[in-house]
Amino acid sequence: MPKGLDANVLAQTDAVQSRPVLLFTITLAESGTLRYAASQLNITFPTGGNVYTAKAIQLSNIVRRAEGQIVRAMIQFDNVAKDMSGYAAAESFDGQAISVKRIWRDAVGSAAYYNEILNGYMEEVTSIGREWMEVKVIEGKSLQRQALTPIYQKLCNHRFGDSQCNADSLANLTVLTASGTADSGSATTLADNALTQAADYWNYGQIEIIKSGAKYRRKVKDFVANIAAQGTITMAGVAIANETFVIDTQTFTWKAARGIAGEVTIGANAAAAVTNIVTAVTADLATVTAVDGAGDTVVITAVTAKGTAGNSVVLTEASTNMTVNGSGTLGATTAGVDAVITFDVALPVAVDNTCTYETWKGCSQTWDSCQAANAWGPSGDNKANFLGFVHIGKTMGLRDWRTG
């Protein structure tokens, strides 16, 4: 049986696959267009498009403009196979066009996903050896897609929900913040059962905590959602008329036939009793839910009382053939747990129930979260607004690079 790769090896492999690579396009009068990738593997760009042949290529003596465009440079092409010397022997490179584009290996789906760093001309070949052919290049044509003024990086420069990130209105700005008073916490966590969002919702965001008048601002490292308290009712048969059981604030009474709120039809057997409990609880209580469980059981889940507060919701019985788990409250099937925000850096004080807070939603600022619906990213395909300069490399106004 083959062994799986070590996690560290997989991480390094993924890192290699997400690194940028340079694509070289050379146009010769007689030989036509040559396409090379400074890579160990051939690259097709865009998907289904031109194939760039893997070749060892080195750039040296580079002179750039402030915005990153190459003004002149020396390029060395691998000549071990004598292919480049063959082209040089057949025709002149002087004055022939060359362009260099930077792409990202994990974003080749569109011909627009590149950053052009050179669009110019070659001079005559400087030298040819057994290993390398060297040629000098100079800028010439205007770049089809301009080089970048900011430092080339993978993460987006926009903050989630700002006017540029949300240019297409895909982020729901009404749910970007939450505030309240902590239930408990520590130097690195804040717990509050009022936070009802899904797990990871506040990840990559920020939180400001106030204790004794002092403010502490941190990044959100992780958000764990509330866990609702649950308890289980088990029926071994049928109950007797006028016996009772209690869920939350409602006392239920067994009757031959349900007539008013708070009554439950006894039924012919345990299975029927389970169905009738679910019917009665669903009709009479909005604070909990009731669903059929495994066998002849009913699972009661706290709804209004969030997190640990659900562990105080009453669940008792005084009925024949009926049992409930726990010690008179929900929480025995599943214990209620408060939502917890974890900070990136510990506070100098511990969070407690005197602390107030406000938290702001964030996103991972990566290409993946920009093009897919994530709890911590845009609510739809937002990639046209991505400004990480990894896949879309045009430095002009927002309107220009989104539509250019």
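The values are calculated or read from the model by the stated rules, or taken from the named source; none is laboratory data. Please read these numbers as outputs of a predicted model, since none were measured by experiment. Heads up, the Cβs are rebuilt from the backbone with ideal geometry, glycines too, and the neighbour counts pull from every protein chain shown.
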*asked:* On the basis of being in contact (Cβ under 8 Å) with a residue 12 or more places away in the chain and crowded, with 17+ Cβ neighbours inside 10 Å, does I103 make the cut?
replied: yes
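Checking the structure you have, find out if any residue of segment 331-353 is touching a residue at least 60 places away in the same chain (Cβ under 8 Å), more than 30 Å from I209 (Cβ to Cβ) and under 24 Å from the mean Cα position of the chain (by Cα).
Initial filter on segment 331-353 (touching a residue at least 60 places away in the same chain (Cβ under 8 Å)): 331-353.
Okay, now just the ones that are also more than 30 Å from I209 (Cβ to Cβ), so 332-333.
Right, trim to under 24 Å from the mean Cα position of the chain (by Cα) and you get none.
No: segment 331-353 contains no residue that is touching a residue at least 60 places away in the same chain (Cβ under 8 Å), more than 30 Å from I209 (Cβ to Cβ) and under 24 Å from the mean Cα position of the chain (by Cα).
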*From T253, T234, T289, T282, which residue is closer than 30 Å to A194 by Cα and either touching a residue at least 60 places away in the same chain (Cβ under 8 Å) or surrounded by 15 or more Cβ atoms within 10 Å (Cβ to Cβ) (or both)?*
T289
*Residue satisfying condition, being under 15 Å from E317 (Cβ atoms) and modelled with pLDDT of 95 or more, within set T275, T253, T282*: T253
*asked:* Consider segment 264-279. How many of its residues are touching a Lys or Arg at 6+ places or on another chain (Cβ under 9 Å) and either surrounded by 18 or more Cβ atoms within 10 Å (Cβ to Cβ) or of a type in the set (A, V, I, L, M) (or both)?
replied: 4
*asked:* Looking only at segment 80-108, filter to residues that are touching an Asp or Glu at 6+ places or on another chain (Cβ under 8 Å), of a type in the set (G, A, S) and outside any loop (DSSP other than H, G, I, E, B); which one of those is farthest from E139 (Cα to Cα)?
replied: A90
*Number of positions in segment 22-79 that are surrounded by fewer than 18 Cβ atoms within 10 Å (Cβ to Cβ), in contact with a strand residue (DSSP E or B) (Cβ under 7 Å, 6 or more places away or on another chain) and outside any strand (DSSP E or B)*: 5
*Among S212, S184, which is the only one that is in contact with a strand residue (DSSP E or B) (Cβ under 8 Å, 6 or more places away or on another chain), surrounded by fewer than 22 Cβ atoms within 10 Å (Cβ to Cβ) and of a type in the set (G, A, S)?*
S184
*asked:* Against the definition (without any contact (Cβ under 8 Å) to a residue 60 or more places away in the chain, in contact with a helix residue (DSSP H, G or I) (Cβ under 8 Å, 6 or more places away or on another chain) and not in a strand (DSSP E or B)), how does G267 come out, yes or no?
replied: yes
*Give me a count of the residues in segment 38-92 that are farther than 25 Å from V108 by Cα, without any contact (Cβ under 8 Å) to a residue 40 or more places away in the chain and of a type in the set (A, V, I, L, M).*
4
